[in-house]
Amino acid sequence: FENKDMYLNSYISLVSESIFFQENSNEDGISDFPTGYLSEKVWKPIGHSHPFILAAPSKSLEYLRNMGFKTFHPFIDESYDLENNDAQRLELIIAEVNKFASKTKEEKDQFLKDVAHICKHNQELYLNYTSTGMHIKDCLNIIDKLVNIKTLV
């Protein structure tokens, strides 16, 4: 039931992943949550060649970059992805959304022009992803992380 109109009629997607707040965090907010899982939510804007801000566990953007996808720094301050403390990461994401919302129409139009090459790269990689065999390696990494979990959430 995917509809391209919402992507054509907006400048950016705010993607809220299924998992954001992580269980079993230590006093520094660092969790033993096995990173490496992203739901379909982030793949939708990528498939539609649309820029996004990702509200997800820390290092989710790093995970995407390790798969060969590009993210939107320096056009978006993505330092939020490095913040392990969930509440602080959420505040950084909110600040970035507010900063984008305060741009003029002309600035938002320029933003779309500036990131078009990133969106195109991501869409092409996404559409050709399964043909490269990369998905097998990623699945094995996720399975390995899940098998090595020491505690149940």
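The values are calculated or read from the model by the stated rules, or taken from the named source; none is laboratory data. In this text, all values refer to a predicted model and were calculated from it rather than measured experimentally. Positions of Cβ are backbone-derived with ideal geometry, glycine not excepted, and every protein chain shown enters the neighbour counts. These accessible areas exclude ligands, DNA and RNA; they are computed on the full protein's heavy atoms, side chains included. Shrake-Rupley method; radii C 1.70, N 1.55, O 1.52, S 1.80 Å.
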- Among the residues listed as 45, 51, the single one being closer than 19 Å to residue 19 by Cβ and not polar (S, T, N, Q): 45
- The one condition residue 60 fails out of (1) of a type in the set (Ser, Thr, Tyr); (2) in contact with a strand residue (DSSP E or B) (Cβ under 6 Å, 6 or more places away or on another chain); (3) open to solvent by 50 Å² or more (accessible area, probe 1.4 Å) is (3)
- Note on the structure: (1) more than 17 Å from the chain's Cα centre (by Cα); (2) free of Cβ contacts under 8 Å to residues at least 40 places away in the same chain all hold for residue 66 apart from (1)
- Select from the stretch 86-100 the residues that are over 18 Å from residue 64 (Cβ atoms) and either buried (at least 17 other Cβ atoms within 10 Å of the Cβ) or charged (D, E, K, R) (or both) and list them in ascending order. 86, 91, 99, 100
- Query: Among the residues of the stretch 101-110, is there at least one that is buried (at least 17 other Cβ atoms within 10 Å of the Cβ) and either touching a residue at least 12 places away in the same chain (Cβ under 8 Å) or under 22 Å from residue 5 (Cα atoms) (or both)?
  - Reply: no
- Query: Of all residues in the stretch 63-84, which are of a type in the set (S, T, N, Q) and crowded, with 17+ Cβ neighbours inside 10 Å?
  - Reply: 71
- Taking only pairs six or more apart or across chains, which ones have beta-carbon atoms under 8 Å, a first residue in the stretch 1-29 that is open to solvent by less than 100 Å² (accessible area, probe 1.4 Å), and a second residue that is among the acidic types (Asp, Glu) and modelled with pLDDT under 90? 20/86; 22/86; 24/32; 25/86; 29/86
- Which of the residues spanning the stretch 31-52 are closer than 14 Å to residue 122 by Cβ and modelled with pLDDT of 90 or more? 42, 43, 44, 45, 46, 47, 48, 49, 50, 51, 52
